[in-house]
């Protein structure tokens, strides 16, 4: 969690603190370096691009980035937004959760692209409309940092269930193993 939160904070800095904002464009596990205390640092800013300023919604640019991490709307239209990095961050999270690479040509044809492989796993007709809205409106990286900080603040016991830290009557979070 420390590494994931730190990487998200790096993107938050580039998107929200730097003026004009910087779109990193190359977030992937191999570009997250760790110091001796496992604090993450982003490396290789060769693809970084200054983000949109004033009332502009995007920057038009030649499509670049690492296959498997590139946001589909950017790949199709060449319109670069801050959401590109949020998409790439989501791919990195999927890699961490599943233990698989974004692109793995040693897998069967339908399993080589991690995002394509996981998409059906997340389909639930009862939640479909919520998932579509979430996919179309990628959150700001600051919201991702807030959510990850909350998750990291939860105390877990050895059985992988969070120790309840809420007032009485509040429900306990459940892990993937419990579902």
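The values are calculated or read from the model by the stated rules, or taken from the named source; none is laboratory data. Fair warning: this is a prediction, and the values are worked out from it, not measured in the lab. Ideal geometry is used to build each Cβ from the backbone, glycine not excepted, and the neighbour counts take in all protein chains shown.
List, please: which pairs have Cβ atoms under 6 Å, are six or more places apart or on different chains, and start with a residue in region 46-65 that is in contact (Cβ under 8 Å) with a residue 40 or more places away in the chain and end with one that is surrounded by 10 or more Cβ atoms within 10 Å (Cβ to Cβ) and part of a loop (DSSP other than H, G, I, E, B)? Close Cβ pairs (under 6 Å, with a partner that is surrounded by 10 or more Cβ atoms within 10 Å (Cβ to Cβ) and part of a loop (DSSP other than H, G, I, E, B)) amount to 65/25. The residue of region 35-48 that is nearest to the chain's Cα centre (by Cα), among those that are under 20 Å from residue 80 (Cα atoms) and surrounded by 12 or more Cβ atoms within 10 Å (Cβ to Cβ), is 42. When region 19-34 is limited to residues that are without any contact (Cβ under 8 Å) to a residue 40 or more places away in the chain and touching a helix residue (DSSP H, G or I) at 6+ places or on another chain (Cβ under 8 Å), the one that is surrounded by the most Cβ atoms within 10 Å (Cβ to Cβ) turns out to be 22.
State all residues of region 64-82 that are closer than 28 Å to residue 3 by Cβ and surrounded by fewer than 18 Cβ atoms within 10 Å (Cβ to Cβ); if no residue qualifies, say none. First the steps, then the outcome.
Initial filter on region 64-82 (closer than 28 Å to residue 3 by Cβ): 64-75, 80-82.
Correct list: 64, 66, 67, 72, 73, 75.
Here residue 98 clears all of (1) surrounded by 10 or more Cβ atoms within 10 Å (Cβ to Cβ); (2) closer than 24 Å to residue 30 by Cα; (3) at pLDDT 85 or above except the condition numbered (3). Does residue 53 satisfy the criteria of being closer than 22 Å to residue 18 by Cα and surrounded by 15 or more Cβ atoms within 10 Å (Cβ to Cβ)? Spelling it out, it is not the case that residue 53 is closer than 22 Å to residue 18 by Cα and surrounded by 15 or more Cβ atoms within 10 Å (Cβ to Cβ).
Kindly check whether there is at least one residue in region 110-121 that is part of a helix (DSSP H, G or I) and at pLDDT below 80. Among the residues of region 110-121, at least one is part of a helix (DSSP H, G or I) and at pLDDT below 80, which makes the answer yes. Scanning region 57-70 turns up no residue that is closer than 17 Å to residue 144 by Cα and either part of a helix (DSSP H, G or I) or over 14 Å from the mean Cα position of the chain (by Cα) (or both).
The set of residues in region 56-79 that are within 25 Å of residue 17 (Cα to Cα) and modelled with pLDDT of 90 or more comprises 69, 70, 71. The single condition among (1) modelled with pLDDT under 90; (2) in a helix (DSSP H, G or I); (3) more than 26 Å from residue 154 (Cβ to Cβ) that residue 30 does not satisfy is (1).
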